[in-house]
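The values are calculated or read from the model by the stated rules, or taken from the named source; none is laboratory data. What you see is a predicted model, and the numbers here were worked out from it, not measured in a lab. Methodologically, a virtual Cβ is constructed for each residue, glycine included, from the backbone with ideal geometry; neighbour enumeration extends over all protein chains shown.
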Amino acid sequence: MEQDTLVIFTADHGLSMGHHGFWGHGAAACRSFNLHQAAHSIPLIVSHPGAVESRQCSSLHVSNTDLFATLLEYIGIKALSEPQTPLPA
């Protein structure tokens, strides 16, 4: 299982644990508008022995929005641009 398991660790946002005086996120925060790097540095760690070289680090900016489509492509599934059947009303 260790040799053929793809493991991905990520989050929905960065830290707001008192950095620059910001605590929490959104409406629950003491100040809701936070553009500091700590709030936007979202972790993305990928492990796939034999396929992804270990200990690589990238300075590229990525978005969680693209993660699902990227995973589909990685495992060889072509994402559909449009649903094949209409959704129920």
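Only one of (1) exposed (fewer than 12 other Cβ atoms within 10 Å of the Cβ); (2) at pLDDT 80 or above is not met by Leu35, so which one is it?
(2)
So Ser58 ticks every box in (1) at pLDDT below 70; (2) small (Gly, Ala, Ser); (3) exposed (fewer than 10 other Cβ atoms within 10 Å of the Cβ) but one. Which box is left unticked?
Among (1) at pLDDT below 70; (2) small (Gly, Ala, Ser); (3) exposed (fewer than 10 other Cβ atoms within 10 Å of the Cβ), Ser58 violates only (1).
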